[in-house]
Amino acid sequence: MREYAKLSPKFWQAGTGRKIRAKGAEATVVALYLMSSPHSNMLGLYYQPMLYMAHETGLGIEGASKGLRGCIEAGFCLFDEASEMVWVAEMAAYQIGDSLKRDDKRTKGIQTEYDALPSCPFLPMFFERYGQAFCMTSKRDFAESGEAPCKPLRSQEQEQEQEQEQEIQPAAQVPALRAEDRPQLALVAEVETSKPKGLPDCPHGEILALWAEVLPTMPQHNPAMWGGTRADHLRARWRETAKAKGWTDKAQGLAYLRKLFGYINRSDFLTGRVPPRDAASHVFEIELEWLVNPTNWAKVHEGKYDNKKVSHA
């Protein structure tokens, strides 16, 4: 986490600052947050899930979305919904400077941090803006990765429709589930994981944030390191469950996972509240990576870890 961030007083007198103020209080809060976010870096190009923004600003999803949309319209930043990467275009100039000399040691650090960023549409754009100014040596081309192009931020009308279709309750308000109230799922074969028509891509970052919210005492995964087989498993569970449950939007999927995570939180075995058989044994604590394995996913849905069924036998 960065220890400090720079914000020039001139920002509020510049054209972008005035445009942001005109967009309302939410846009102003989001702009300040993006300049000082605990997830940010000196480049201004970083992973920033909407759920983190909503929670850490106190604006909620609706307020944070409105504020972010205002910042985008004011030309302050860009946001890619697919990768959940944000780029505050002039932030590097504020934090580092307009340009660096070739022998400045910071040039190597900038290139190293740039090379370590997750793939997103803003990588070539950043290089075009700062490559010469910061004496960068290599450009990353997002188009060569074969990934989908940047998705625009959803409009307020779309978000309101989604909220009307499925209201998600905070974790503290999720009622206690009896074993018979366990989320039920008719499992689909592992090979049948093509994305159902109309279903958004698996929101990995939002699911990781939801796991941290509902199961804060369980082992957590670093979103920046999430990928490979475990990401493939999560995507497969997301798609096959959508087929079985008939999801048509992301809100329904996240609501189902909130219920599932809440159910897990009440399993003494999965949360490590069952004492080990002896001193040499370790207490088991569930991880999301473990849950999305197809075998473990099936066991949880079959009730293998209901409190009344868990034993050391």
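FYI, it's all coordinate maths here, none of it is from the lab. None of these values were measured; they are calculated from a predicted model. Cβ placement follows ideal geometry from the backbone for every residue including glycine, while neighbour counts extend to all protein chains displayed.
Between amide H atoms placed 1.01 Å from N, distances below 5 Å from Asn307 occur with Asp268, all of them 5 or more places distant or on a separate chain. In terms of surrounding Cβ atoms within a 10 Å radius of their Cβ, Met225, Met50 rank from fewest to most as Met225, Met50. Annotation: amide H of Cys202 has no partner in the under-5 Å range at sequence separation 5 or more or interchain, hydrogens built in the peptide plane. Scattering from the C-alpha atoms of the range 9-145 alone, worked out with Debye: what is log10 I(q)/I(0) at q = 0.15, 0.19 1/Å? After summing over all Cα pairs, the log10 values are -0.73, -1.10. Taking Cα centre as origin and charging only the Cβ of basic (Lys, Arg, +1) and acidic (Asp, Glu, -1) residues, the dipole magnitude of the range 9-145 rounds to 540 debye. Counting only residues 5 or more places away or on other chains, whose amide H sits under 5 Å from the amide H of Met85 once H atoms are built in the peptide plane? For Met85, whose amide H was placed from the backbone, the distant partners under 5 Å are Gln48, Asp80. Using the Cβ-Cβ distance between Met125 and Gln220 with R0 set to 35 Å, the FRET efficiency works out to roughly 0.65. Ordered by the number of other Cβ atoms lying within 10 Å of each residue's own Cβ, fewest first, Arg230, Arg21 fall into the sequence Arg21, Arg230. Averaging the sequence gap over all C-alpha pairs within less than 8 Å and six or more residues apart, then dividing by the number of residues, gives the range 9-145 a relative contact order of 22 percent.
Here the Karplus relation 6.51 cos²θ - 1.76 cosθ + 1.60, evaluated at θ = phi - 60°, turns the backbone of the range 80-89 into coupling constants of 9, 5, 5, 9, 6, 9, 10, 10, 8, 4 Hz, with x for every Gly and Pro.
Counting every pair of alpha carbons in the range 223-263, the share spaced more than 15 Å apart comes to 48 percent. Fully extending the segment from Arg273 to Glu81, taken as 0.36 nm per residue of separation minus the present Cα-Cα distance, adds 65.4 nm. Here the Karplus curve 6.51 cos²θ - 1.76 cosθ + 1.60, taken at θ = phi - 60°, turns the phi angles of the range 298-307 into couplings of 5, 4, 4, 6, 7, x, 4, 10, 4, 4 Hz, with x standing for Gly and Pro.
Fully extending the segment from Ala231 to Gln132, taken as 0.36 nm per residue of separation minus the present Cα-Cα distance, adds 32.1 nm. For the set Lys23/Lys250; Lys243/Lys299; Lys139/Lys243; Lys23/Lys139; Lys243/Lys304; Lys66/Lys299, the pairs lying more than 30 angstrom apart at their alpha carbons are Lys139/Lys243; Lys23/Lys139; Lys66/Lys299.
Of the residues Leu34, Pro121, Pro49, the one whose Cα sits farthest toward the positive end of the charge dipole of the range 9-145, with +1 on the Cβ of Lys and Arg and -1 on the Cβ of Asp and Glu, is Leu34. Look at His301, His233 and count the other Cβ atoms within 10 Å of each Cβ; fewest to most, that gives His301, His233. Extension gain, Asp141 to Ala298: 0.36 nm times the residue separation minus the Cα-Cα distance gives 52.6 nm. Per residue of the range 116-130, what does 6.51 cos²θ - 1.76 cosθ + 1.60 with θ = phi - 60° give for ³J(HN,Hα)? Whole Hz please, x for Gly and Pro, Karplus curve as stated. Karplus-based 3J(HN,Hα) across the range 116-130 equals 8, 5, x, 5, 6, x, 8, 4, x, 5, 4, 5, 5, 6, 10 Hz.
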